[in-house]
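Below is one structure, written out as structure tokens; the observations come after it.
The values are calculated or read from the model by the stated rules, or taken from the named source; none is laboratory data. None of these values were measured; they are calculated from a predicted model. Cβ placement follows ideal geometry from the backbone for every residue including glycine, while neighbour counts extend to all protein chains displayed. The accessibility values were calculated without ligands, DNA or RNA, using every heavy atom of the protein model including side chains. Shrake-Rupley method; radii C 1.70, N 1.55, O 1.52, S 1.80 Å.
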Amino acid sequence: HYLQERWPLKKKLTLFLGSTLIAYMGSRLLIDPAIMPQQANGLFILILASLLWISEAIPSFAVSFVILGFSIYLLDDMNPSTINPEWKDYTAQWSSTVMWLFLGGFILAEGAHKTGFDRYFSRLGLSFIG
């Protein structure tokens, strides 16, 4: 119950899925059929990122990760099982894999703090120690 009050999943999920649907429809219906599929995919990523940022369906910093992930998978073709061969060009600005570990740790820490899991886990650990 506490988690549902702090982060209303149904509202956020509805915003996320609605944004994805609007971005997909907008990138497919509002374009000239003569453009390349990669350009339509780029428009999809642009519309989706804008809608997610405006609606705050996910945290603002996470929108950048969505853009990066979709760029790796969608700018080559729409098949999610293939990865763009130039994926290192998209991730080069994020530095090394150690940087990704730090960012992941910060995101997990922020999520634990927002949900109150950090205090719960601390109390649980301290109850065993004394």
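Below, the figures for the structure above:
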| read-out | value |
| --- | --- |
| Heavy-atom SASA rank of MET25, MET36 (probe 1.4 Å, accessible area, largest first) | MET36, MET25 |
| Extension reserve of the ALA109-LEU17 stretch, reckoned as 0.36 nm per residue once the Cα distance is removed | 30.6 nm |
| Separation of the PHE117 and GLN39 label points, Cα + 7 Å toward Cβ, nm | 4.3 nm |
| Rg and Dmax of segment 25-76, Cα atoms only, in Å | 11.5, 35 |
| Accessible-area order (highest first, 1.4 angstrom probe) of the listed residues THR115, THR14 | THR14, THR115 |
| Point-to-point label distance, LYS10-THR82, nm (Cα→Cβ direction, 7 Å offset) | 4.1 nm |
